[in-house]
Every structure is written in C-alpha cells, then in structure tokens.
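S.K.: Pasting a structure here, questions to come.
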Amino acid sequence: MLPNVLPNSASDHIPVLADEVRRLLAVQPGETVVDGTFGAGGHARLLARDLQGRGKLVAIDRDRSVKSHFDRFKAQAGVDVRFLRGEFAVVLSQLAQNGVKADAILLDVGVSSMQIDRPERGFSYATDAPLDMRMDPTGESTAATIVNTWDERELTTIFRRFGEERYAKQIARAIVRRREERPFFRTGDLVDVIKTAIPTPARFGEGHPAKRVFQALRIAVNDELGQLEEALPAALEMLRPGGRIAVISFHSLEDRIVKQFLAERSKGCTCPPDFPVCVCGKEPEARLLTRKPVRASDAELDLNPRAASARLRAAVKVS
Ligand SMILES: C[S@@+](CC[C@H](N)C(=O)[O-])C[C@H]1O[C@@H](n2cnc3c(N)ncnc32)[C@H](O)[C@@H]1O
C-alpha cells in the first residue's frame, strides 16, 4: 500500500483519482460534505470548491499534525468548515448517532505522503528512526510494541495477511530470536533483521526487502481494516437519501471490505431463489455507482506513480 498524495509544494498536494471522486460525489451547492481522511486537504479543497460558496465541509483525521493544513484550507475554503480529530470509525459513528446528516462522504484510506516522508514517524524503511508508525501519535501501540511483544505465530499471520510476505515465518522467527537478546527500538534494526531472514536472491528484485513487513505493521498498528469495517455502516447511516459515498483504498483486503459492504447494502430480497414470493422484505439501502473499482488513468500515473494501487468504489443511498 502506497501513499496517495503527491507533494506538489510544501502547502499543496495532488489528490489521487480527483476527477473521478468529484464526478462520483457530484457535490452540489448547499450540501454537507464529510471528508473522513483530510490529510493535506487535497480532495477537501476540490470538494469545497464544488460547494460554490454554499454548504458545509466536515474534515476528520486522526493525525493532529494535519491541523496546520486544515487551518490553511479554512482560510480559503469559502464555506463553513470544521475539523474533528479522531478515528473516522468513532467520529462517523458519533455523528450518525447524533443524527448528523451528510450528502457526500469521502474516505481516502491509508497513510499519506506527509506521514511517510517524516522520518521521525517511523513509517519508512528507508531511514533509521524510532519504530513507531502511529497515525495518531497518542495511540497506545507502536510498531515496536507489536514487534517486541506479539508471539511468532501472530507476527507470521500479519506479515502474511497484511503484507503478503512470502518469508513471513522466517522473518517472524528471526524477530523473536533477536528480541530475546535485546528489544527493537529503531526501524534500522528491524530492516537489518528482515534482510538476514530472507534468502539472498529474494533481497533483490521485488522492491525493498522490508516493504511488505513495514506495510503489515502499519496496518496492524493503526487497525486499518477494523476502522474501515466499522466506518462504512456509520457513513451509510449518515447519508441522506440521494447522498453519495466514495472510498479509495490501496490494498486488496481494504478493497474487498468496501466491495462486500456496498454489494451487501445494494442487494434487495435475500430469499432463496425457489421461494415463490419474498418473505424477507429486505430493500436495498444503496445503489452502486461503480460496478468495478475505478483505477488511475495513464495520464494520472505519469504524474503520480503512487496512484497505481488506488481503487475507488462509490454508491448512492436510496430512500
Ligand atoms: C491518504 S491520506 C488522505 C489524503 C487526502 N485525501 C488529501 O487529498 O490530502 C489519509 C489520511 O487519513 C488519515 N487516516 C487514515 N486512517 C484514519 C482513520 N481510521 N481515522 C481518521 N483518520 C485516518 C491519515 O492520518 C491521513 O492523514
């Protein structure tokens, strides 16, 4: 999973699949928009523009360091904007419970370039830094907590599942052996152990040898899949009839969660096909706007190769 904003200048970012998001969310003046993953505000800026001076935009992010981006965005937004710091699963559930309604909701999940590019956050295998990886620096567990305390089986499972790491077992075993001597504190220590745990030929050719383990740890530290699973029902609940939801994901496991959720909620009757009449009475709650995930165009990939793994799905809430 790769970061999905391209730094343009210190204060501006090119958001991924921006035209497609705008087309699918089709924001109209006077509407309420929720950006659940504000980041550098790239998408928010475009969606606020579509409000044409009338409406509201609620920005959510668990990372307090995005606040400076939000403050700049606020000064130029031209509409009513608000920042809510927290996990989108929690914030969206609270908003839904309080009866807050929205017309368009965007989730652009995963990590941002800003987070990856700040070495002290520990997301990158490219520079030695504290083994952290928390999107919310007040969160309880860091990557070091996982690497130093989870047992070999648990480590193997996340490396395999979240990182699709072929040498998951060997790496987990090497980590456990090394931490018996001394715990891990730095990304550099972990990179060294990963390199020694995998066969020499496998260290070349498939990107950096630590890439998949770092991705797996990041997903685990930030409970990224759990967040998405919880957020989607809350987001759909918040939408007014006719409201749109768009989700950009960067990992097949995330995309599967989105696909299954939207398919399930877009289905009507679930009675067995041989029932003469419907007895379940289930009505669809949503209509798919994308049958297949929308991918970045060649033109976008030329500009932002990091968009290669982005997949966008969207749906509209039906009354
Ligand atoms: C890919 S970036 C979003 C980029 C943004 N769309 C833009 O155009 O600048 C993802 C952002 O969502 C935040 N984020 C990821 N998961 C989150 C969660 N569960 N709750 C709240 N914020 C989250 C990250 O902190 C990061 O700032």
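What follows is calculated from the coordinates using simple rules that are stated; it is not laboratory data. Not measured: the values here are computed from a predicted model. All Cβ positions, even for glycine, are placed from backbone atoms using ideal geometry, and neighbour counts span all protein chains on display.
S.K.: Give the peptides 75-84, 153-162 in descending order of average Cβ contacts within 10 Å, highest first.
M.R.: Going from most to least packed, we get 153-162, 75-84.
S.K.: Additional query: Principal axis lengths of the chain from Cα atoms, whole Å, largest first?
M.R.: Answer, in whole Å and largest first: 60, 59, 40 Å.
S.K.: What is the calculated FRET efficiency for Leu301 to Ala126, with r their C-beta to C-beta distance and R₀ = 25 Å, to the nearest 0.05? Walk me through the numbers on the way to the answer.
M.R.: Working: r = 22 Å, r/R0 = 0.88.
Given R0 = 25 Å and the Cβ-Cβ separation, E is 0.70.
S.K.: Another question, if that's okay. Just to be sure I understand the model, the point goes 7 Å from the Cα along the line to the Cβ. What's the resulting Asp151 to Asp192 distance in nm?
M.R.: For Asp151 paired with Asp192, the spin-label model returns 2.9 nm.
S.K.: Let me ask you something else. Express the relative contact order of the chain as a whole percentage, based on alpha carbon pairs under 8 Å and six or more residues apart in sequence. Could you put the intermediate results ahead of the total?
M.R.: On the way: 587 pairs, mean separation 61.8, N = 319.
Reported relative contact order: 19 percent.
S.K.: Set the Förster radius R0 to 45 Å, insert the Cβ-Cβ distance between Gln28 and Leu253 as r into 1/(1 + (r/R0)^6), and round the FRET efficiency to 0.05.
M.R.: Once rounded, the FRET efficiency stands at 0.85.
S.K.: Quick one: dipole size for the chain, taken about the Cα centre, charges +1 on Lys/Arg Cβ and -1 on Asp/Glu Cβ, in debye to the nearest 20.
M.R.: Around 280 debye, computed over the chain.
S.K.: Which cross-chain or sequence-distant (5 or more) residues have an amide H under 5 Å from the amide H of Ile14, H modelled 1.01 Å from N in plane?
M.R.: Result for Ile14 returns Leu6, Asn8.
S.K.: Work the Kirkwood hydrodynamic radius out for segment 115-178: mean of 1/r over every pair of different alpha-carbon atoms, inverted, in Å.
M.R.: 12.5
S.K.: How fast does segment 66-217 diffuse by Stokes-Einstein, in µm²/s, taking the Kirkwood radius from C-alpha pairs at 25 °C and 0.890 mPa s?
M.R.: Diffusion coefficient, whole number: 139 µm²/s.
S.K.: Only Cα pairs under 8 Å and at least 6 apart count here; give the relative contact order of segment 18-106 as a rounded whole percent. Mind dumping the intermediate values first?
M.R.: Values: 152 pairs, mean separation 31.2, N = 89.
Relative contact order, segment 18-106: 35 percent.
S.K.: When the gyration tensor of segment 228-294 is built from Cα positions, what are the square roots of 5 times its three eigenvalues, in whole Å, from largest to smallest?
M.R.: Semi-axis lengths for segment 228-294 are 24, 15, 11 Å.
S.K.: Among the listed pairs Lys67/Lys259; Lys67/Lys211; Lys74/Lys317; Lys67/Lys101; Lys169/Lys195; Lys211/Lys259, which have their C-alpha atoms separated by more than 20 angstrom in this model? Write down the numbers at each step before the final one.
M.R.: Values: Lys67/Lys259 31 Å; Lys67/Lys211 29 Å; Lys74/Lys317 29 Å; Lys67/Lys101 24 Å; Lys169/Lys195 14 Å; Lys211/Lys259 26 Å.
Pairs exceeding the cut-off: Lys67/Lys259; Lys67/Lys211; Lys74/Lys317; Lys67/Lys101; Lys211/Lys259.
S.K.: Would you please give the residues with an amide H less than 5 Å from that of Ala102, counting only those at least 5 places away or on a separate chain, with H modeled from the backbone geometry?
M.R.: Leu239, Arg240
S.K.: If contacts are Cα pairs under 8 angstrom and at least 6 residues apart, what is the relative contact order of segment 224-312 in percent?
M.R.: Numbers: 73 pairs, mean separation 25.3, N = 89.
Once normalised by length, the contact order is 28 percent.
S.K.: Would you mind putting 290-299, 165-174 in packing order, based on average other-beta-carbon counts within 10 Å, highest first?
M.R.: Descending mean neighbour count gives 165-174, 290-299.
S.K.: What value, in deg cm²/dmol to 500, does the helix sum -39500 (n - 2.57) over DSSP H runs of n ≥ 4 give at 222 nm once divided by the residues of the chain?
M.R.: -12000 deg cm²/dmol
S.K.: Apply the Karplus curve 6.51 cos²θ - 1.76 cosθ + 1.60, θ = phi - 60°, to the phi angles in segment 19-34 and return the couplings in whole Hz, x for Gly and Pro.
M.R.: 5, 5, 4, 4, 5, 6, 7, 6, 5, 10, x, x, 7, 10, 10, 10
S.K.: When only alpha-carbon atoms are used, what values of Rg and Dmax, in angstrom, describe segment 140-241?
M.R.: Considering segment 140-241 through its Cα atoms, Rg and Dmax are 16.1, 59 Å.
S.K.: Now for a separate question. Spin-label point model (7 Å from Cα, Cβ direction): what's the Ala308 to Glu164 distance in nm?
M.R.: If labels sit at Ala308 and Glu164, their model points lie 1.2 nm apart.
S.K.: Straight distance only, please: which aspartates and glutamates reach the Cα of Lys282 with their own Cα at less than 18 Å, same-chain residues fewer than 8 apart left out?
M.R.: Glu237, Glu264, Asp274
S.K.: Same structure again: Quick one: which residues, 5 or more positions from Gly243 or on another chain, have an amide H under 5 Å from its amide H? H modelled 1.01 Å from N in the peptide plane, none for Pro or chain starts.
M.R.: Those lying under 5 Å, H to H, from Gly243 are Lys317.
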